1. Run the accessible area of the stretch 60-129 with a 1.4 Å probe and give the carbon-and-sulfur part as a rounded percent.
2. Mind checking the stretch 96-172 for GluC sites (Glu not before Pro) that DSSP puts in a loop (not H, G, I, E or B) and that have at most 12 other Cβ atoms within 10 Å?
3. Hey, what do the phi angles of the stretch 169-174 turn into as Karplus ³J(HN,Hα) couplings, whole Hz, using 6.51/-1.76/1.60 and θ = phi - 60°, x for Gly and Pro?
4. R218's amide H: which non-local residues (gap 5+, or another chain) put their own amide H closer than 5 Å, with H modeled 1.01 Å from N in plane and none for Pro or chain starts?
5. What residues have an amide H closer than 5 Å to that of D57, excluding those fewer than 5 places away on the same chain, when H is modeled at 1.01 Å from N in the peptide plane?
6. I need the phi-derived Karplus couplings for the stretch 68-83: 6.51 cos²θ - 1.76 cosθ + 1.60, θ = phi - 60°, integer Hz, Gly and Pro marked x.
7. Round to a whole number: what % of the accessible area of the stretch 144-227 belongs to carbon and sulfur, probe 1.4 Å?
8. List, in order, the whole-Hz ³J(HN,Hα) value for each residue of the stretch 212-223 obtained from phi through the Karplus relation with A = 6.51, B = -1.76, C = 1.60 and θ = phi - 60°; use x for Gly and Pro.
Amino acid sequence: MAVVEASGLVREYRMGTEVVRALDGASLTLDGGQFVSVVGPSGAGKSTLLHIIGALDTPTSGTIRVDGTDLAALGDDEASEFRRRRVGFIFQFFNLVPTLTAWENVALPMLLDSKSLRKARPRAEELLGRVGLGGRVNHRPSELSGGQMQRVAIARSLMMGPKILLADEPTGNLDSRTGAEVLDLLASVAHDEPDRLVLMVTHDENAAAVSDRIVTVRDGRIDGRPA
Ligand SMILES: Nc1ncnc2c1ncn2[C@@H]1O[C@H](COP(=O)(O)OP(=O)(O)OP(=O)(O)O)[C@@H](O)[C@H]1O
Ligand SMILES: [Mg+2]
């Protein structure tokens with residue numbers, strides 16, 4: 001089943017009198033149960049595409065359905081609800097809260113959902129075990145390695161049980177060996193639940209080996225596909 005259906009996406013940014021076309025008619029269908037890598041030159045529109053799929057940004061024109069939801073039809077509150085529950089985000093610089101422990105960082109999405117931190121703790125610890133950090137639940141980010149911090153971020157992205165994980169250069173700040181471990185983890189996360197999609201923007205040369213599919217973005221379009 002298609003988890004992402006994008007058709008003719010255009011995203012223009014107005015900078016004073018100039019208009020930048022970050023996306024120029026991008027069309028794409030992605031099924032669940034896959035680990036998909038998005039590659040392409042710098043400035044091609046990869047992050048913009050990821051942000052639109054995650055309802056962090058809206059297209060100037062075109063249609064986008066994610067997990068059965070027409071994102072254009074969402075109001076502000078519905079969009080933030082969609083971001084909190086239906087997608088998980090993983091970034092290059094981990095975006096952990098430095099004053100919180102590993103399990104508290106993982107539990108954070110529940111707190112935003114008006115659940116108590118204490119109630120969320122068992123699931124947070126279970127997810128830390130899932131990413132190989134069962135022995136680090138009380139460590140703060142400064143007490144973790146880069147690869148471990150990214151594992152915490154992956155566990156956090158799974159907290160609300162989203163069908164879609166969106167990762168923007170998750171290995172960009174890691175050495176190649178640690179990066180390879182994170183890639184393996186993301187691939188297993190994509191495959192361990194039916195219909196889950198992990199969509200990753202990357203410049204990592206090792207990505208091809210672990211991805212089920214590679215999508216190339218060039219000049220704001222999906223390469224090899226008509227707009
Ligand atoms: N908020 C913004 N305002 C103005 N222009 C933007 C904005 N965001 C992106 N752009 C422009 O849109 C184009 C696509 O940017 P995008 O960040 O999607 O590229 P990218 O493929 O992710 O590149 P990289 O590999 O360097 O991260 C670029 O020319 C960029 O300068
Ligand atoms: Mg980018």
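1. Taking all protein chains in place, the stretch 60-129 shows 53 percent carbon and sulfur surface.
2. Of the GluC sites (Glu not before Pro), not one in the loops of the stretch 96-172 has a Cβ with at most 12 other Cβ atoms within 10 Å.
3. 6, x, 9, x, 10, 10
4. Here the answer is D223, since their amide H atoms fall under 5 Å of that of R218.
5. Amide H to amide H, under 5 Å and 5 or more residues apart or across chains, D57 pairs with I52.
6. The phi angles translate into x, 9, 7, 5, 5, 7, 7, x, 4, 5, 5, 5, 6, 4, 4, 4 Hz.
7. The C+S portion of the solvent-accessible surface of the stretch 144-227 is 43 percent.
8. For the stretch 212-223, the Karplus curve yields 7, 8, 10, 10, 9, 9, 9, 6, x, 10, 7, 4 Hz.
The values are calculated or read from the model by the stated rules, or taken from the named source; none is laboratory data. Quick caveat, the model's predicted, so the values are computed rather than measured. Positions of Cβ are generated from backbone atoms using ideal geometry, with glycine treated the same way; all protein chains shown enter the neighbour counts. Ligands, DNA and RNA are stripped out before the accessible areas are found, and what is left, the full protein with its side chains, is counted by its heavy atoms. Shrake-Rupley method; radii C 1.70, N 1.55, O 1.52, S 1.80 Å.
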